[in-house]
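The values are calculated or read from the model by the stated rules, or taken from the named source; none is laboratory data. In this text, all values refer to a predicted model and were calculated from it rather than measured experimentally. When we count neighbours, we look across all protein chains shown, and the Cβ atoms used for this are built from the backbone with ideal geometry, even at glycine.
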Amino acid sequence: MAEHPPYPVGLRLLGRRVVVLGGGQVAQRRLPALIAAGADIRLVSPEATPSVEAMADAGEITWLRRPYQDGDLADAWYALIASSDSEANAAASAEAERHRVWCVRSDDADAATAWTPATGHSEGVTVAVLTTEAKGRDPRHTAAVRDAVVEGLRDGTLVAPHHRTRTPGVALVGGGPGDPDLITVRGRRLLAEADVVIADRLGPRDLLAELPPHVEVIDAAKIPYGRYMAQEAINNALIEHARQGKSVVRLKGGDPFVFGRGMEEVQALAEAGIACTVVPGISSSISVPGAAGIPVTHRGVAHEFTVVSGHVAPDDERSLVDWPSLAGLTGTLVILMGVDKIGKIAETLVAHGKAPDTPVALVQEGTTAAQRRVDATLATVAETVRAEDVRPPAVIVIGPVVKEGPRPDA
């Protein structure tokens, strides 16, 4: 077998008959890929798992609820033999040989005419791994190789250059709360493919050090803006680099559309005729409390949570927040960008009916190595912030959920 390894090929099964013998766990694992390929699937089996039965009920496969019969493979292009009846498996395999139908056998790979590779997918690429050494065939090793290749393609550590011309444009990528492992797979891949990265200070900075040397990294806070507002200058930088035919990533902390001015950038790019892809990110409003052991909802404690920007005080005429209504809610209140305004916020909530002893937690630098949690109440939070020198970025959580669960840093 080592001298004559299997010949790898991709089968195009759209509309073509595929016969699956057996409705157990093997069929349950293999059927979704055959369905996705558009095959005309005929399942031959007296019984099936609930998941396989659901596929039949949904019309995704045709189920013949009986044992195998000679002739079942006559019109097939491909067969998967995976029943617990060894005699039926051998008979079906022999029929496949007579009709020249490629046949996979789960019970006896050496008797099969085809093998199923360990497969994975990443951005339009299918990775298929086969073990060619008969005596050393190890499905776990094959799967591990598959996983390593797919993960490398997804997270950007294995970069396959595109030899076709790429369409220039901008990807608006939410980088998550700070831990570089919490960026999405797609976001990390786009970073690895970028020519230019314009990054916020709250983005996952550690990822920038992994970029290839040719990638131009621009600190958004240091873009010269002269007579322009900072946001306008960032918009102009995105447009300028994209118009130069470059692939641009705008790396933002958290999610681009959660107090991230992401829509302003999308609108500016649309007006300039620049293609823009939005990649959502894990919002710090949920992930940072979670990392500090605080669930924003909890059965019997909180059935709602509200996320509020605290960058302007409640008495500021620019504020769009209905603070009196928030004081009447019984759920969790999560405040972003509110460290320096928390005293006034707490005072306003109490003035409108919130109990002074309502628990408060401030989580600074959440999900990073510098994370720390400081607890207080609405009555004490202003003084606690001063005494503990709590600084931005910090997520503030208000409500009884603060008392739930163990503290990771306790």
By my count, strands (runs of 3 or more DSSP E) wholly in segment 50-125 with at least 1 residues that are over 15 Å from ARG30 (Cβ atoms) and modelled with pLDDT under 95 are 118-122
Just one listed residue, out of ASP357, ASP340, is part of a loop (DSSP other than H, G, I, E, B) and of a type in the set (Asp, Glu), and it is ASP357
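Could you say which residue among ARG189, ARG227 is part of a loop (DSSP other than H, G, I, E, B), among the basic types (Lys, Arg) and farther than 19 Å from GLY262 by Cα? Lay out the reasoning, then the answer.
Details: ARG189 fails: part of a loop (DSSP other than H, G, I, E, B).
The match here is ARG227.
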By residue number, the members of segment 281-299 that are in a loop (DSSP other than H, G, I, E, B) and free of Cβ contacts under 8 Å to residues at least 60 places away in the same chain are ARG299
Apart from one, (1) surrounded by fewer than 18 Cβ atoms within 10 Å (Cβ to Cβ); (2) touching a residue at least 24 places away in the same chain (Cβ under 8 Å); (3) out of contact with any Ser or Thr (no Cβ under 7 Å at 6 or more places or on another chain); (4) not basic (Lys, Arg) all hold for GLY273; the odd one out is (2)
**Asked** Is it fair to say ALA376 is free of Cβ contacts under 8 Å to residues at least 40 places away in the same chain, outside any helix (DSSP H, G or I) and either in the same structural domain as PRO180 (by TED's automatic domain parsing) or within 20 Å of GLY290 (Cβ to Cβ) (or both)?
**Response** yes
Within segment 300-326, the residues that are over 18 Å from PRO289 (Cα atoms), out of contact with any strand residue (DSSP E or B) (no Cβ under 9 Å at 6 or more places or on another chain) and touching a residue at least 24 places away in the same chain (Cβ under 8 Å) are VAL312, ALA313, PRO314, ASP315, PRO324
Filtering segment 38-64 down to residues that are small (Gly, Ala, Ser) and either loosely packed, with under 14 Cβ neighbours inside 10 Å or farther than 22 Å from ALA74 by Cβ (or both) yields GLY38, ALA48, SER51, ALA54, ALA58, GLY59
Going through segment 16-47 in order, the residues found to be over 23 Å from VAL127 (Cα atoms), over 32 Å from the mean Cα position of the chain (by Cα) and in a loop (DSSP other than H, G, I, E, B) are GLY22, SER45, PRO46, GLU47
- Is it the case that some residue within segment 344-352 is modelled with pLDDT under 95 and in the same structural domain as GLY293 (by TED's automatic domain parsing)? no
